[in-house]
Amino acid sequence: MDSTCTCGEKHGKTQSNLFLPKEAKIVRVEAPTENERHFTLKLADGSPMEFEPGQILEVGLFGFGEIPLGFASSPTRKNTFDIVIRGVGRVSKALNALKKGDSLFLRGPLGKGFDLSKLRGRDVLIIAGGIGLCPTRSLIQYILDRRSEFKRFILFYGSRDPKQQLFLEDLAEWRKSKDVEYHETVDKGDPSWKGNVGVITRLFGKTNIDPGTRAALCGPPIMFKFVIAELDKLGIPRENVFVDLERRMKCGVGKCGHCQINDKYVCTDGPVFSFAEIQGLEEAV
């Protein structure tokens with residue numbers, strides 16, 4: 001079943017039975033940091049996982065529960081798909097103990113991702129802070145795989161320190177790529193770090209950005225306030241700024257109310273919103 005927006009473009013694929021978990025096999029596990037695990041998965045029945053950048057999965061283990069996570073790879077890369085799990089609670093730690101060849105269980109894809117029709121043919125700026133790079137990696141890969149459909153592509157990435165950086169192979173590729181204008185910073189450097197030091201908003205001084213640019217944000221709550229202020233200074237309308245609020249989700253299907261912000265449910269109305277839709281609710285972001 002697909003959800004179709006008023007623009008006529010499908011950008012919200014959903015599982016036909018939202019309450020029935022599907023088994024997925026772990027193809028690869030990497031440990032980019034002490035607390036995160038990067039899983040590459042494939043569905044056990046061999047079927048493709050069809051989704052849109054920005055959509056989410058409920059990922060779980062029987063006997064433990066499930067947690068909502070964004071896809072960390074693009075649907076343009078067909079054979080497998082990626083997720084990244086930060087081990088902070090009972091469920092996430094149980095999932096992070098799994099090995100290659102083990103199974104986990106998925107519901108999804110769920111929610112509404114990035115409306116790609118609003119990004120195509122435009123300059124695109126992606127701003128990712130910390131683990132916010134994981135769900136935005138899906139959109140990053142999509143743009144790079146279909147580069148001719150987009151104009152200038154700028155990526156800002158900020159992390160707490162060099163040891164907390166994710167997707168190191170990707171970062172090395174983006175640093176030298178001509179397809180993306182990549183800028184990165186860390187809050188605190190170490191003796192080996194030769195790059196920018198400071199909060200992510202300092203990266204706005206590294207390049208010129210056109211007011212017609214479409215911006216996509218994902219990161220810690222404190223980041224949104226200051227990044228939005230910088231985008232306002234650039235004259236980018238808030239309807240052209242898209243935010244990913246997946247961190248607020250729980251059940252994924254609008255039943256538990258955990259993600260409700262006034263009249264909106266992040267899991268069914270989002271997790272991707274234009275900032276114009278939620279700008280009266282900044283305190284909830």
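Observations
- Charge-dipole axis of region 116-284 as Lys and Arg at +1 and Asp and Glu at -1 on Cβ define it, positive-most pick from Gln165, Ala276, Gln260: Gln165
- Of all DSSP-defined beta bridges confined to the chain, some 60% are antiparallel rather than parallel.
- Residue-count net charge about Asp161 - beta-carbon cut-off 15 Å; Lys, Arg +1, Asp, Glu -1: -1
- Simple spin-label estimate for Phe64 and Asp232 gives 4.2 nm between the two label positions (7 Å along the Cα-to-Cβ direction from each Cα).
- About the centre of its Cα atoms, region 116-284 shows a dipole size close to 200 debye [charges on the beta carbon of Lys, Arg (+1) and Asp, Glu (-1) only; nearest 20 debye].
- Between Arg160 and Lys225, the FRET efficiency from the beta-carbon distance, with R0 = 22 Å, is close to 0.75.
- Glu34-Asp263 FRET efficiency (beta carbon distance; Förster radius 41 Å; 0.05 resolution): 0.55
- Dipole orientation for the chain: of the candidates Gly113, Leu217, Ala94, Ala94 has the Cα lying most toward the positive pole (charges on Cβ; Lys, Arg +1; Asp, Glu -1).
- Once C-alpha pairs closer than 8 Å and six or more residues apart are averaged by separation and normalised to the residue number of the chain, the relative contact order reads 17 percent.
- Relative counts (whole %) of C-alpha pair distances in the chain, using bins that are 10 Å wide: 6, 30, 37, 22, 4, 0
- Dipole magnitude (debye, nearest 20) for the chain, charges at Cβ of Lys, Arg, Asp, Glu: 420
- This model, with +1 at the C-beta of Lys and Arg and -1 at the C-beta of Asp and Glu, gives region 2-110 a dipole about its Cα centre of some 280 debye.
- Ordering 24-33, 113-122, 58-67 by mean Cβ neighbour count within 10 Å, with the highest value first, yields 113-122, 58-67, 24-33.
- Fully extending the segment from Lys178 to Lys206 would add 8.4 nm, taking 0.36 nm per residue of separation and subtracting the current Cα-Cα distance.
- Summing charges over all other residues whose Cβ lies under 12 Å from the Cβ of Gly101, with Lys and Arg as +1 and Asp and Glu as -1, gives +4.
- Averaged over residues, the count of other Cβ atoms within 10 Å places the peptides 70-77, 162-169 in the sequence 70-77, 162-169, highest first.
- Computed helical MRE - 222 nm, the chain, DSSP H runs ≥ 4 contributing -39500 (n - 2.57), nearest 500: -5000 deg cm²/dmol
- Computed lengthening from Asn79 to Ala97, 0.36 nm per intervening residue step minus Cα-Cα distance: 4.1 nm
Values in this text are rule-based calculations from the coordinates and carry no lab data. Values in this document were obtained by computation on a predicted structure and should not be read as measured data. Note: ideal-geometry Cβ built from the backbone for every residue, glycine included; neighbour counts use all protein chains shown.
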